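Please treat every number below as a calculation from the coordinates, not as lab data. Note that the structure is predicted; figures quoted are calculated from it, not measured. Ideal geometry is used to build each Cβ from the backbone, glycine not excepted, and the neighbour counts take in all protein chains shown.
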Amino acid sequence: MKERIFLVLGVLGIVLLLSGCPAKQAVIPVDPGSVPPASKVTRKGKSLALMGTAIAVGQKLPSTSLVDAYTMNYVDLSESKGSVLFLSIVPSIDTKVCEAQTHYLGEEGDRLPNVVRRITVSRDLPFAQKRFAEAAKLTDIEYLSDYREGAFGRSIGLLLDGPLLLSRAVILVDKQGIVQYIQVVPEITYMPDMEKAFTRAIELANE
């Protein structure tokens, strides 16, 4: 029995080493729950209000400009048609949970159909987003920055009062530009349920 336990631990250690993660790295919990935009979330138990106008399933994304990290061009996601938008919204890619969420989108998201646009949105500077993408070898997903005024975050009710960062969330928009899925993670130090979002994105891609 002890030999089997040691074998399992050894295999896990090898997997972690091959993936570039230290063996002592803690597993980040996944929060399957959701709170409404423009309500409240917590960070390590401390309550933070979400500022702005709440977005809801069945609505279109408001017209706001984000900055593409690769081209520095302005992007208005409300004008997108013909693709499913998978918006992975994070406070800052320089934190371990946001990094894990972005890696998940980039690596596990390879199995999503090509019609699904995988997009990370944060208030990091575009230069920081691009640097992260290149260092992490995750340049096959898009990075859009809301750094200028937080207008995108305010327009959907996901701007954190106080730190003025975006709250952790996943939003899916169908090929007609209609929001079909929203998860706003109640405790922002937890991961969103990426697998559930993947399943819904595949359904939208096949519609």
Every residue from the range 104-123 that is surrounded by fewer than 17 Cβ atoms within 10 Å (Cβ to Cβ) and assigned to a helix (DSSP H, G or I): E107, E108, D110, R111
statement: The number of residues in the range 97-117 that are of a type outside the set (A, V, I, L, M) and in contact (Cβ under 8 Å) with a residue 40 or more places away in the chain is 7
- prompt: Looking at the range 164-175, which of its residues are assigned to a loop (DSSP other than H, G, I, E, B) and either out of contact with any strand residue (DSSP E or B) (no Cβ under 8 Å at 6 or more places or on another chain) or under 17 Å from V30 (Cβ atoms) (or both)?
  reply: L164, S167, R168
statement: When the range 176-201 is checked residue by residue, the ones that are part of a helix (DSSP H, G or I) and among the β-branched types (V, I, T) are T199
message: Checking the conditions here, which among S63, S78, S88 is assigned to a loop (DSSP other than H, G, I, E, B) and touching a Ser or Thr at 6+ places or on another chain (Cβ under 7 Å)?
response: S63
field: Output for the range 157-204, where each listed residue is in contact with a Pro (Cβ under 8 Å, 6 or more places away or on another chain), under 25 Å from K96 (Cβ atoms) and among the β-branched types (V, I, T)
entry: V170, I182, V184, V185, I188
message: For the range 124-180, which positions are surrounded by 22 or more Cβ atoms within 10 Å (Cβ to Cβ) and of a type in the set (V, I, T)?
response: I156, V170, I171, V173
- prompt: Is one or more of the residues making up the range 169-180 small (G, A, S) and free of Cβ contacts under 8 Å to residues at least 60 places away in the same chain?
  reply: no
- prompt: Pairs, please: C-beta under 7 Å, at least 6 apart or cross-chain, first residue among the basic types (K, R) and in the range 50-65, second exposed (fewer than 13 other Cβ atoms within 10 Å of the Cβ) and in a loop (DSSP other than H, G, I, E, B)?
  reply: none
